[in-house]
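Below is one structure, written out as structure tokens; comments come after it.
The values are calculated or read from the model by the stated rules, or taken from the named source; none is laboratory data. Only a predicted model underlies this, so the values are computations on that prediction, with no experimental measurement involved. When we count neighbours, we look across all protein chains shown, and the Cβ atoms used for this are built from the backbone with ideal geometry, even at glycine. The protein model used for the area step is the full one, side chains on, heavy atoms only, and it has no ligands, DNA or RNA in it. Shrake-Rupley method; radii C 1.70, N 1.55, O 1.52, S 1.80 Å.
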Amino acid sequence: MTTETPPSPAAGSTLPAAPRIFSGIQPSGAPHIGNDLGAIRNYVALQDRYEAIYCIVDYHALTSTHDPEMLRQRTREMSAALLALGLDPERCTLFVQSHRPEVTELAWLFTTVTPVAWLQRTPTYKEKRQNQPEDVNHGLLTYPVLQAADIVLYKASLVPVGKDQAAHLELTREIVRAFNGRYGETFPEPQAVHTEAPVVLGTDGARKMSKSLGNTIEIFAEPETIRRQVMSMVTDTQRILRSDQGRPEVCNVCRLHRFFGDDYEEIWDGERTARTGCVDTKKLLAERIIARYAEPRERYLELMADPTRVERVLAEGAERIRPIARATMDEVHARMGLR
Ligand code: TYM
């Protein structure tokens, strides 16, 4: 785990004694290796060290997904995937965002301390406006306000995320400062926690791995699909002939080998000296990814076949954190002059 800067507890408010962890993930079906290497493996590691709360953010997904059955199905898939990858309901809380609707009230209250200009300059908003020009809904603009509310409703101070969430985390801190400045110290300023792979590039080797870009390696796909996705990866574009020496430090396949075995230096050396070709290196990576996720994949399939088990975990999760959400909202109401 690496933290950007140490968490700063806000004085004079009812903060948890030990740092609390919160993170959210969109229900975009089963996760890809970017999600796992960039965030989920930290969710799993941190549940042993802190009070950890993890959320499948279905409200956020509504800014781009409008098919109710697809949203339900993807929420089921992401929940099962997180449990299969090692989230343990005995050691952390896993819940679905819309099951704790206090967050929407807090988000609305936060809009009143958030200048519109902050939201308009958010990179993800600008991207989404380009990607879905026919559907620039208000939720897209206020997306980061809801994200801020997610985190601070539970007064979390550490947020395991990939680097692509940096602007959202910065905005969360700005909103917290604006709120605390106007109404008194209430919330901690949360800090990002990154893994060793804060940005995982997609199979195109150029852009971050992302389902919407279609450049993913899906961890619970059939082995044949994983092989096809890995074999399609762009490698060192300057290595044309098998006899050319490779540059593993710029090759996405080589970079990924760092996370799927402890012999990556040998693999890099093979590329550098042209002892091995890109095809061999890709084949090895595909087999290692398949082997790494074989057991979680079985658990995932078992969980998908037993939806009531997953639903029970999610319902208990939402119930367990109800008192925290209620206490925060009581404090916010009092500070803002409501009720
Ligand atoms: P989402 O669903 O896009 O991604 C979930 C997590 O996976 C990380 N991630 C990556 N890390 C490295 N390389 C990649 N290629 C890669 N792709 C995804 C993301 O950084 C993230 O940690 N806005 C958030 C969801 C959210 C949230 C929150 C996060 C809503 N509320 C509160 C933290 C706290 C999102 O869309 O993540």
For the range 86-100, give me each residue that is over 25 Å from residue 62 (Cα atoms) and either open to solvent by 10 Å² or more (accessible area, probe 1.4 Å) or hydroxyl-bearing (Ser, Thr, Tyr) (or both). 86, 88, 89, 90, 91
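With 177, 228, 129, 173 as the choices, which residue is within 13 Å of the ligand (Cβ to nearest atom), without any contact (Cβ under 8 Å) to a residue 24 or more places away in the chain and either in a helix (DSSP H, G or I) or open to solvent by less than 30 Å² (accessible area, probe 1.4 Å) (or both)? Before the answer, list the steps.
Numbers: 177 fails: within 13 Å of the ligand (Cβ to nearest atom); 228 fails: within 13 Å of the ligand (Cβ to nearest atom); 129 fails: within 13 Å of the ligand (Cβ to nearest atom).
After ruling out the rest, the residue left standing is 173.
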Please identify the pairs in which a residue from the range 199-217 that is near the ligand (Cβ under 8 Å from one of its atoms) and modelled with pLDDT of 95 or more has its Cβ atom under 7 Å from the Cβ atom of a residue that is open to solvent by 40 Å² or more (accessible area, probe 1.4 Å) and assigned to a loop (DSSP other than H, G, I, E, B), counting only partners at least 6 apart or on another chain. 201/207; 208/199
Among all residue pairs at least 6 apart or on different chains, which show Cβ distances below 8 Å where the first residue, located in the range 36-52, is within 14 Å of residue 158 (Cβ to Cβ) and in a helix (DSSP H, G or I) and the second is among the aromatic types (Phe, Trp, Tyr) and within 10 Å of the ligand (Cβ to nearest atom)? 43/54
Selection count where residues are among the β-branched types (Val, Ile, Thr) and near the ligand (Cβ under 8 Å from one of its atoms), scope the range 34-48: 1
Mind listing whichever residues of the range 132-157 are open to solvent by less than 10 Å² (accessible area, probe 1.4 Å) and more than 12 Å from the ligand (Cβ to nearest atom)? 155
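From the list 28, 23, pick out the single residue that is at pLDDT 95 or above and either among the hydroxyl-bearing types (Ser, Thr, Tyr) or in contact with a helix residue (DSSP H, G or I) (Cβ under 7 Å, 6 or more places away or on another chain) (or both).
Details: 28 fails: at pLDDT 95 or above.
Answer to the check: 23.
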Within the range 20-33, of all residues that are more than 8 Å from the ligand (Cβ to nearest atom) and in a strand (DSSP E or B), the one surrounded by the fewest Cβ atoms within 10 Å (Cβ to Cβ) is 20
Hey, can you tell me all the residues within the range 162-192 that are in contact with a Ser or Thr (Cβ under 8 Å, 6 or more places away or on another chain) and among the hydroxyl-bearing types (Ser, Thr, Tyr)? 186
Here is a list: 287, 196. Which entry is within 16 Å of the ligand (Cβ to nearest atom) and either among the acidic types (Asp, Glu) or without any contact (Cβ under 8 Å) to a residue 60 or more places away in the chain (or both)? 196
Taking the range 308-324 and keeping residues in contact (Cβ under 8 Å) with a residue 40 or more places away in the chain and either surrounded by 20 or more Cβ atoms within 10 Å (Cβ to Cβ) or of a type outside the set (Lys, Arg) (or both) leaves 310, 313, 314, 315, 316, 317, 318, 321, 324
Residue in the range 325-339 that is of a type outside the set (Asp, Glu), open to solvent by 30 Å² or more (accessible area, probe 1.4 Å), at pLDDT below 95 and under 30 Å from residue 153 (Cα atoms) present: yes
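Among the helices (runs of 4 or more DSSP H) lying completely within the range 237-307, list those that include at least 1 residues that are farther than 21 Å from residue 34 by Cα. Don't jump to the end; show me each part of the working.
On the way: elements: 252-257, 264-272, 278-292, 294-304.
Answer list for the range 237-307: 264-272, 278-292, 294-304.
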Within the range 168-178, is there a residue that is among the hydrophobic types (A, V, I, L, M, F, W, C) and under 20 Å from the mean Cα position of the chain (by Cα)? yes
